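Below is one structure; the comments refer to it alone.
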Amino acid sequence: KGKRAFIAGVADDNGYGWAIAKSLAAAGAEILVGTWVPALNIFESSLRRGKFDESRVLPDGSLMEITKVYPLDAVFDNPEDVPEEIKTNKRYAGSSNWTVQEAAECVKNDFGSIDILVHSLANGPEVVKPLLETSRKGYLAAISASSYSYVSLLKHFLPIINPGGSSISLTYIASERIIPGYGGGMSSAKAALESDTRVLAFEAGRRKGIRVNTISAGPLRSRAAKAIGFIDMMIDYSSANAPLEKELSADEVGNTAAFLASPLASAITGGVIYVDNGLNAMGVGV
Ligand code: NAD
């Protein structure tokens, strides 16, 4: 039987989440996505109006189907966590059941179970500030949206992940090497995400035999990356310095996610898998 995937962090056709959805769909998986509440209307209407149809084409010529789009805000675990100003915000008031716990419950009620959980989201409100200028609030917000959001997603979805299932997140090498410009505590958030990948691999592995890995991806011109401001420079730097001189395509990350979610990767867990044209292996620029 086909597998079912829930991919958190898809709101357009430019990011890694979309590419992962496509690779999983091409491999025969049913696709459910979680879309950030403020981006939900535009994403759903663009899907409906056919704006993404060109990007939906799979290698066999068919179009990727997204079975259901769930509203999600991964910084809130349950309704008790949601402050009044968010509850009454007009971008949120039109949707319901978008906390992590409620989204997992909705998926359970609709489909019973999933096989693959993907976390492809991050947010750091002070990402353009150096760490030395980052406020406590900004730092904690980066960790909340980019790291704890994964702990929470896996915690709430684990009960409905089928045996043999797996989970994948996206990280960036700024966690372990200095990347000036990736600020606001985002480098710290990725370091936490990678460490948590190991601990969660142990806990989810022992509890349910579920595998947990993270893909350390090279630079992609996504919406989130454009907001950081240095993405074109990072892409040029990679082309100039990586062992493979080509530009990284989101599909290459998508295909790695499909591999990691498949039985071909049945002994791979707790890993940080680099999909970056090999840039991580360089010691100096050339
Ligand atoms: P993207 O903009 O496609 O994806 C980020 C998504 O996160 C967006 O859809 C946004 O709506 C969503 N989001 C933000 N806050 C949220 C919240 N509180 N709840 C739910 N959703 C929320 O950009 P992307 O670059 O493809 O990012 C996907 C992942 O890849 C992120 O973890 C990012 O750090 C990682 N990554 C990106 C690059 C790159 O160069 N683009 C490199 C390495 C790793």
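The values are calculated or read from the model by the stated rules, or taken from the named source; none is laboratory data. These figures come from a predicted structure and were not determined experimentally. Methodologically, a virtual Cβ is constructed for each residue, glycine included, from the backbone with ideal geometry; neighbour enumeration extends over all protein chains shown. What goes into the accessible areas is simple: the full protein's heavy atoms, side chains included, and nothing from ligands, DNA or RNA. Shrake-Rupley method; radii C 1.70, N 1.55, O 1.52, S 1.80 Å.
Each residue of the range 197-208 is assigned a 3J(HN,Hα), and the resulting list reads 4, 5, 5, 5, 4, 5, 5, 6, x, 5, 6, 9 Hz, derived from the Karplus form 6.51 cos²θ - 1.76 cosθ + 1.60 (θ = phi - 60°), x at Gly and Pro.
First obtain the Kirkwood hydrodynamic radius of the range 113-270 from its Cα pairs, then insert it into the Stokes-Einstein equation at 4 °C and 1.567 mPa s, and state the resulting D in µm² per second as a whole number. Roughly 79 µm²/s, to the nearest whole number. If you wrap the tightest convex hull around every Cα atom of the range 3-77 and split its volume per residue, you get 83 Å³. Considering only Asn241, Asn41, Asn89, the mean-square fluctuation computed in a Gaussian network model of the chain, springs between alpha carbons under 10 angstrom, is largest for Asn89.
Apply 1/(1 + (r/R0)^6) to the Cβ-Cβ distance of Val284 and Ser195, taking R0 = 25 Å, and write down the FRET efficiency to the nearest 0.05. Using R0 = 25 Å, I get an efficiency of 0.40.
For the range 1-124, carbon and sulfur atoms together expose 47% of the accessible surface, with a 1.4 angstrom probe and every protein chain in place.
Between Ala240 and Phe202, the modelled label-to-label distance comes to 4.2 nm, taking each label 7 Å out from Cα in the direction of the beta carbon. Can you list residues whose amide H is under 5 Å from Ser169's amide H, if they're 5+ apart or on another chain and H is modeled 1.01 Å from N? Distant-sequence amide H within range of Ser169: His119, Asn213, Thr214, Ile215. Computed over the chain, the P(r) tail beyond 27 angstrom holds 37 percent of alpha carbon pairs. For the residues Ser167, Ser222, Ser23, a GNM of the chain with alpha-carbon springs under 10 Å puts the largest fluctuation on Ser222.
Each Cα pair under 8 Å and six or more residues apart adds its sequence gap; the mean of these over the residue count of the range 1-53 is a relative contact order of 41 percent.
Rounded to the nearest 500, the helix-only mean residue ellipticity at 222 nm of the chain stands at -11500 deg cm²/dmol, with each DSSP H run of n ≥ 4 adding -39,500 (n - 2.57).
Solvent-accessible surface of the range 112-210, taken per residue with a 1.4 Å probe and all protein chains present: 44 Å². One chain, two ends: Asn78 and Leu131. Fully extended at 0.36 nm per residue, the span grows by 16.1 nm beyond their Cα-Cα distance. I need the shape label for the range 127-170. Rule: rounded when a/c is under 1.5, else prolate if a/b > b/c, else oblate, with a, b, c from the alpha carbon gyration tensor. Prolate, because a/c is 1.5 or more and a/b exceeds b/c.
Averaged per residue, the range 219-268 has 56 square angstrom of accessible surface, using a 1.4 angstrom probe with ligands and nucleic acids left out. Counting only DSSP beta bridges whose two residues both lie in the range 1-141, roughly 5 percent are antiparallel.
Expressed as a whole percentage, what fraction of the accessible surface of the range 231-286 belongs to carbon and sulfur atoms when a 1.4 Å probe is rolled over the protein heavy atoms? With neighbouring chains kept in place, the figure for the range 231-286 is 61 percent. Available extension along the chain between Asp232 and Ala93 is 46.4 nm, counting 0.36 nm per residue and deducting the alpha carbon span. Each residue of the range 203-268 gets 121 Å³ once the volume of the Cα convex hull is shared out per residue. Restriction of the trypsin sites (Lys or Arg not before Pro) in the range 191-254 to DSSP coil positions whose beta-carbon has at most 10 other beta-carbons within 10 angstrom yields Lys246.
Among Ala39, Ala227, Ala257, whose mean-square fluctuation peaks in a Gaussian network model of the chain (Cα, cutoff 10 Å)? Of Ala39, Ala227, Ala257, the Gaussian network model singles out Ala227 as fluctuating most. 3J(HN,Hα) couplings calculated from phi for the range 269-277 with the Karplus curve 6.51 cos²θ - 1.76 cosθ + 1.60 (θ = phi - 60°) are, in sequence order, 8, x, x, 9, 9, 7, 10, 8, 6 Hz; Gly and Pro show x.
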